[in-house]
1. Can you give me the ranges of the helices (runs of 4 or more DSSP H) entirely in region 302-396 with at least 1 residues that are touching a residue at least 60 places away in the same chain (Cβ under 8 Å) and more than 19 Å from the chain's Cα centre (by Cα)?
2. Could you list, in sequence order, the residues of region 141-161 that are surrounded by fewer than 24 Cβ atoms within 10 Å (Cβ to Cβ), among the aliphatic types (A, V, I, L, M) and part of a loop (DSSP other than H, G, I, E, B)?
3. What about Glu277, is it crowded, with 18+ Cβ neighbours inside 10 Å, of a type outside the set (A, V, I, L, M, F, W, C) and modelled with pLDDT of 95 or more?
4. Within region 186-245, how many residues turn out to be within 16 Å of Gly287 (Cβ to Cβ), in contact with a Ser or Thr (Cβ under 9 Å, 6 or more places away or on another chain) and not hydrophobic (A, V, I, L, M, F, W, C)?
5. Could you check, for region 105-116, whether at least one of its residues is in a strand (DSSP E or B) and assigned by TED's automatic domain parsing to the domain that holds Leu340?
6. Looking only at residues that are in contact with a Ser or Thr (Cβ under 7 Å, 6 or more places away or on another chain) and closer than 28 Å to Val312 by Cα in region 63-98, which one is surrounded by the fewest Cβ atoms within 10 Å (Cβ to Cβ)?
7. Please work out if Glu43 is without any contact (Cβ under 8 Å) to a residue 12 or more places away in the chain, over 27 Å from Arg323 (Cα atoms) and either crowded, with 24+ Cβ neighbours inside 10 Å or out of contact with any helix residue (DSSP H, G or I) (no Cβ under 9 Å at 6 or more places or on another chain) (or both).
8. With the structure loaded, tell me whether Arg196 is within 16 Å of Lys342 (Cβ to Cβ), at pLDDT 95 or above, surrounded by fewer than 19 Cβ atoms within 10 Å (Cβ to Cβ) and of a type in the set (Lys, Arg) or whether it fails that test.
Amino acid sequence: MDFLSEAERIEPEIVKTRRAFHLHPELAYHEQATSKLVAEKLEAMGIETKRGVGGTGVLGTLKGAKKGRVVALRADMDGLPVQELADVDFRSKADGVMHACGHDTHMAMLLGAARILAENRRELSGTVKFLFQPAEEHGGRGGAMPMIEAGVMKDPRVDYVFGLHISNNQKSGEVGVRGGSFMAAPDTFKVKIVGRGGHGSQPHQTVDPVYVAAHVILALQGISARMIDPIRPFVITVGSVHSGTKENIIPDEARLEGTIRTLDEGTRKRAKSKVEEVAKGVCKSFGAKAEVEFEEDAYPVTVNDPRVTKDVARVLKAIPHLRVKEIDPVMGGEDFSRFLQKAPGTFYFLGTNNPAKGCVYPNHSSKFKADEDVLKLGAASLALLAFEYGKPKGPG
């Protein structure tokens, strides 16, 4: 089957669907209208559909005419709390919410793949599960875990799982793959610094938490510079600092929020321990107190099955105009990692960077734009993987 030709045939619908999602983004755990539209489209294709799976998730199940394996394909659904500034005719109508990470394209591409497979089910082996997942952007419990707990990877048990993410770090039409550790575990931390407030003209009578916070921020950077093996990828960022109400008042407290990113569990455990140790140690030296907490259930490292990933790279090269290359790991996090803990598979990037169309801003930017010419490639790639890995002996 020529999957690209099939995707080109329905390309206008894929683009139209993507724009409908883009116009009406919804935040994590609130994807009510989004999931309703997804379910309606799956049902219109004659695909068995379950709504409210793990919250607002949707599960579509398509049984092929031939016996084979079970393949799961996943797309995430939530938008981000970003006010859109992109120059497009279909700009978000939700104030302060935008599909700035491409989840609208992921849903459109997976629905495109679902239609291709549904219309060719007589040639399809095995069963395909379409996982439309909420709350990928949450960073903690997320949306994959609730869907897994709801049983999407069982009955029938999933043999392989695949997902893709568009990326402005790759050129349009370029697929980035990598076996092993591919994306980082994103651990969020909060530090509450408790001092003793007073008048800004008399700092000696206070324990200034703002001053202490500045030292904590600098000291935390020393974890990567002096406390973590330099050959182990590690990032620490303090992205939020809040304290005080007026320029001449030294407050009682300061609050920091940040993230650490690691690619292996040993480094992750050590880094979390050092964040707490450093923050409490610095605060104590200035007479302040630190309370440190990490968000529970943070996403694990995204680990692609090496054998499957190598084979996926070979299979995807069959799609014309799709350029497959191995890339370095990235320090962003993904709860697709949880699906990969339940079945072998791979997560890959589809490039959307196209300067001629102004598609140059990074994911999560208020000006992020996706090159819609790649949507047919993404839909074709997902359909091809489901088709090949659904065969009784896998891709031939």
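The values are calculated or read from the model by the stated rules, or taken from the named source; none is laboratory data. Keep in mind that what you see is a predicted model, and the values were worked out from it rather than measured. Cβ placement follows ideal geometry from the backbone for every residue including glycine, while neighbour counts extend to all protein chains displayed.
1. Working: elements: 306-316, 336-340, 375-389.
Result: 306-316, 375-389.
2. Across region 141-161, the qualifying residues are Ala150, Met153, Val158.
3. Details: crowded, with 18+ Cβ neighbours inside 10 Å: no; of a type outside the set (A, V, I, L, M, F, W, C): yes; modelled with pLDDT of 95 or more: yes.
Answer is no for this residue.
4. Number satisfying all stated conditions: 6.
5. We begin by selecting, within region 105-116, every residue in a strand (DSSP E or B); these are none.
No, region 105-116 contains no residue that is in a strand (DSSP E or B) and assigned by TED's automatic domain parsing to the domain that holds Leu340.
6. Here the residue is Lys67.
7. Numbers: without any contact (Cβ under 8 Å) to a residue 12 or more places away in the chain: yes; over 27 Å from Arg323 (Cα atoms): yes; either crowded, with 24+ Cβ neighbours inside 10 Å or out of contact with any helix residue (DSSP H, G or I) (no Cβ under 9 Å at 6 or more places or on another chain) (or both): yes.
So Glu43 passes the test.
8. On the way: within 16 Å of Lys342 (Cβ to Cβ): no; at pLDDT 95 or above: yes; surrounded by fewer than 19 Cβ atoms within 10 Å (Cβ to Cβ): yes; of a type in the set (Lys, Arg): yes.
So Arg196 fails the test.
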